[in-house]
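The values are calculated or read from the model by the stated rules, or taken from the named source; none is laboratory data. Worth saying up front: this structure is predicted, and the values here are computed from it rather than measured. Don't worry about glycine lacking a Cβ; one is built from the backbone with ideal geometry, like all the others, and counts go over all protein chains shown. We work out accessible area using only protein heavy atoms, side chains counted, and drop any ligands, DNA or RNA first. Shrake-Rupley method; radii C 1.70, N 1.55, O 1.52, S 1.80 Å.
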Amino acid sequence: MNNKLYYSIITLLCFTLNSYAQIDSTLIKPGSDTTKRSLMNLEAIHNRPFTNIGNTPAALGGYMESNWQYLSTEGVSEGHQFQFRRLTLFTSATITKRIKFLAEIEFEDGAKEIAIEFAALDIELSPLLNLRGGMIVNPIGAFNENHDGPKWEFTDRPLAMTNMLPATWSTPGFGIYGKKSFNKWMASYEFYLSSGFDNSIIENSENKTFLPATKQNKNRFEESENGTIFTTTKFAVKNNKWGEIGISHMGGIYNKYRDEGIDIDDKRRVNIYAIDFNTQIPNTKTFVTGEFAWVFVDVPETYSQQFGTKQQGGFIDIVQPLYTRKVLDWNNATVNLSVRIEYVDWNKGRFKETGHQIGDEAWSFMPGISFRPSQKSVFRLNYRYLKTRDLFQNTPERTDALIVGISTYF
Amino acid sequence: MKKTNTLIIILAGILCSVACQKILPAAPEDHDLLDGSVQGLNNEQAARFGRGDLTFNNKIFTSETGLGPIFVATSCGSCHPGDGKGHPFTSLTRFGQTDDTGNKFHTQGGPQLQNRALPGYQPETIPPGATFSTFTPPMVTGLGFLDLVSDADILAMAKKNENNIDGIRGQPNWITLPSYIKPKENAIARYDGKYIARFGLKASVYDLLHQTVEALNQDIGITSIYNPIDQWSGQPIEPEILASEVHNLVFYLQTLKAPIQRNPENHTIKAGKSLFKSIGCEGCHRETLKTGTSLITALNKVEFHPYTDLLVHDMGSELDDKYTEGTAKTSEWRTAPLWGLGLVKNSQGGKYFLMHDGRAKSIEEAILLHGGEAKVSRDRYKELPNEDKSQLTAFLESL
């Protein structure tokens, strides 16, 4: 019932604020430039290169990612791996004025996994109040909404965002969002009601609390296991000079606490908090992008501490454009040097038996070099140095990898 | 200009392929690892070892694959990480038996406490009046060798102690075999039909099939055709694991290599070894045993060095938890094999948790906890000058 109240208040608030705002259709206009300074993370979904189909209101686009990888853990290697990570197709259509539809369909690892990552109808009432419904990507952190391969200088997605947070995380749901600009400042909000996680986050073959485990549940698009609502809320501000910062929350009850009308367990919540930022240092033109998240799960006392109640992790990317010049017929070809530093702790806490810290952690350091013939495509060479430590904090295992990959919009 | 570009690309390509071999780290030395199979497995055996390895280390049971509903841990590997000694977090608690008349708490969840439960279930608690003991998981390497020591050899070791002047005695632990276990060839039964058991900290488990079936059932809550009783309901249920997977696990345990001593020729280590023998530690921690016949060449009729006699010994009141199994007395424990002792920190989070319940935080503490039949040799250890003590420790850490 609190959820309902919250929702009504926000809606009301937006309507009042909104009556003065001007109508600005950039929010749901496709085909804008990916590097545009006036854009914020929440617009990433629509802000992709599309090709219009003749005179129809429909547009098509997509991207693909493919790698060669040589990886070795403590001297043991699986040899050369050629990987077709994913092919994503998107299509968008302006149905009538102020009403737009966009769908994103992803084929991962060949066609082993096919997922509708996004398929939603957007209705713009005003820049400050847009309605969205369908299959949405929840705005938890920034990576989840802004995950397209060609936008990043690294062959792998950030560990904490995909193996702690469940990016790409999409759920059936409805919500509102909006944006307002004041001179050099912009502010945005997003608020969604959607389905959420299930018991598998603490009962899975990863042997750890693992939010992405819910993705295996193919029924989750039809039926919520416990019939409760998850909320996702995000606020972000951006300054033309200083960059963008966002804070977000996603939470709800994950467990099946009632069966056929009989209470079988307490209601147990999962709460996720995230902070994300991105900026470009004016003098050096260095891009800095980062995100950090905290996960809190109410795990039953009588269950195993193998499954943590607290997790945290994040990443920071530093990308330094080395030079931009004409190469062959590419006018603005760029070479970037980059590094990503990452960390995840899947189980923060202490053993009841010994009082010692629980491990289950990973750190990674990934330098790389990338070449972009244009903003739409990237060739990347990354070296990865990854250390993972088990539950008992035994000597960490070292993994080294050399990865060459391409990723491109088309 | 164009030429240099092409050249750079070609050079980069060569660099990449060379780099794979260069930047990527080398594997650790075999003697620094516990996992890995015995030498000389044929391809079929190696593949089977691999399948067992996967089940042991990577198969995580969930409620969907049969976990619990009451259990202690979710996989073999969670308790025996890297095949090594486990952490107190995965210790087992057993309760309810004080002498050889058996467990008096079978109807109340005995002998093993399943102290964890799936959401929606209640784990067990120790019933009032039951005494209990805590068991830290031992390492599981080299067990194929121990499995092949003949009953006659074990009895001979017990007999040899009859007149030991240090007061060392030791006896085998005799158990009634569960129906699914066949006695080994050359097995020696006692007058009452009981057989010599050798695995587990009280040596109350007959062989590796027995150990695997009970570990699945009691530790993880996985029923098999061998033991179909569900711990929670006490009723037989459908098997939750294939018999073939159980046998792969057993094969894996049989063919895990024995820990390899590091620097055996080192001067200090050699000095430590002779001290170990001269102060009487070897009276129980027998250096050399031999296997019987086996189809696996590496295990067939060989000598090996586990530093145990597979007998249970009275270790004094301090280690007496008033709980036992089989015919062992509550103060009796199986001589802990000392091979691999120097590697146990690698799986216990860089620390030592020694003796059956992990209460000793260093090798020295473990030695000082020895009482009963080991009192004489412990006292000799106490009298040693510090230099000798550190030589002894260096030897133990090399194992």
Trypsin sites (Lys or Arg not before Pro) within the stretch A:181-235, DSSP loop, no more than 14 other Cβ atoms inside 10 Å:
A:Lys184
What residues does the stretch B:79-104 have that are buried by at least 50 Å² of accessible area in the full protein assembly compared to the chain on its own, 1.4 angstrom probe?
B:His87, B:Phe89
Report A:Met164's accessible area, 1.4 Å probe, all protein chains in place, as a number in Å² to the nearest 10.
0 Å²
Per q in 0.06 Å⁻¹, report the Debye log10 I(q)/I(0) for the stretch A:2-409, using one uniform scatterer on each alpha carbon and no solvent.
-0.25
If amide H atoms are built 1.01 Å from N in the plane of the peptide, which residues on other chains or at least 5 residues away come under 5 Å of the amide H of A:Ile95?
A:Lys100, A:Phe101
Quick check: Cα centre of the stretch B:329-364 to Cα centre of the stretch B:31-67, how many Å?
24 Å
For B:Ser278, put the label point 7 Å out on the Cα→Cβ axis and report which residues of the stretch B:243-264 keep their amide N under 20 Å from it.
B:264
What whole-number value in cubic angstrom gives the convex hull volume per residue for the C-alpha atoms of the protein assembly as shown?
198 Å³
How would chain B be classified by its alpha-carbon gyration tensor: rounded, prolate or oblate, with rounded meaning a/c under 1.5 and the a/b versus b/c comparison settling the rest?
oblate
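How big is the B/A interface in buried accessible area, both sides summed, 1.4 Å probe, to the nearest 100 Å²?
Approximately 2800 Å², summed over both chains.
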Could you name every residue in the stretch A:382-398 that has 50 Å² or more less accessible surface in the full protein assembly than in its own chain alone (probe 1.4 Å, ligands and nucleic acids excluded)?
A:Phe392, A:Asn394
Per-residue ³J(HN,Hα) for the stretch B:292-309, Karplus 6.51 cos²θ - 1.76 cosθ + 1.60, θ = phi - 60°, Hz, x for Gly and Pro
x, 7, 8, 6, 8, 3, 5, 9, 7, 6, 10, 8, 8, 10, x, 6, 8, 10
Under a 5 Å amide H to amide H cut-off, with H placed in plane at 1.01 Å, what residues pair with B:Ala328 once short-range neighbours are removed?
B:Trp174
With the 1.4 Å probe rolled over protein heavy atoms, the protein assembly as shown has an accessible area per residue in Å² of 45 Å²
On the full set of protein chains, 1.4 Å probe, figure out the accessible area of A:Arg98 and give it in Å² to the nearest 10.
90 Å²
On the accessible surface of the protein assembly as shown, probed at 1.4 Å, how many percent belong to carbon and sulfur atoms?
57 percent
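If R0 is 56 Å, what FRET efficiency do you get for B:Thr107 and B:Ala26 from their C-beta distance, rounded to 0.05?
Calculated value: 0.50.
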More than 18 Å apart: what percent of Cα pairs in the stretch B:170-235 qualify?
40 percent
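Given the stretch A:242-345, what whole percent of its Cα pairs are spread farther than 16 Å?
Everything past 16 Å amounts to 72 percent.
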Which order do A:Phe235, A:Phe82, A:Phe50 take when ranked by solvent-accessible area (1.4 Å probe, heavy atoms of all protein chains), largest first?
A:Phe82, A:Phe235, A:Phe50
Once phi for every residue in the stretch A:270-277 is put through the Karplus expression 6.51 cos²θ - 1.76 cosθ + 1.60 (θ = phi - 60°), the whole-Hz ³J(HN,Hα) values, with Gly and Pro written as x, are 10, 10, 10, 10, 9, 10, 9, 8
Divide, for the stretch B:264-399, the radius of gyration over alpha carbons by 2.2 N^0.38 Å, where N is the residue count.
1.10
Restricting attention to the stretch B:248-296, which trypsin sites (Lys or Arg not before Pro) occupy a DSSP loop and are surrounded by at most 16 other Cβ atoms within 10 Å?
B:Arg262
Exposure ranking of B:Lys159, A:Lys100, B:Lys184 by accessible area [1.4 Å probe, largest first]:
B:Lys159, B:Lys184, A:Lys100
In debye to the nearest 20, the charge dipole size for chain A, taken about the Cα centre with +1 at each Lys and Arg Cβ and -1 at each Asp and Glu Cβ, equals 1700 debye
What would the Debye formula give as log10 I(q)/I(0) at q = 0.17 Å⁻¹ for the alpha-carbon point model of the stretch B:26-165, no solvent?
-1.14
HN-Hα J in Hz across the stretch A:106-117 - Karplus 6.51, -1.76, 1.60, θ = phi - 60°, x for Gly and Pro
10, 10, 9, 6, x, 10, 4, 10, 10, 9, 8, 7
With a cut-off of 8 Å between alpha carbons and a minimum separation of six or more residues, what is the relative contact order of chain A in percent?
13 percent
Shielded residues, the stretch B:63-77 - accessible-area loss of 30 Å² or more between chain alone and all protein chains, probe 1.4 Å
B:Thr74
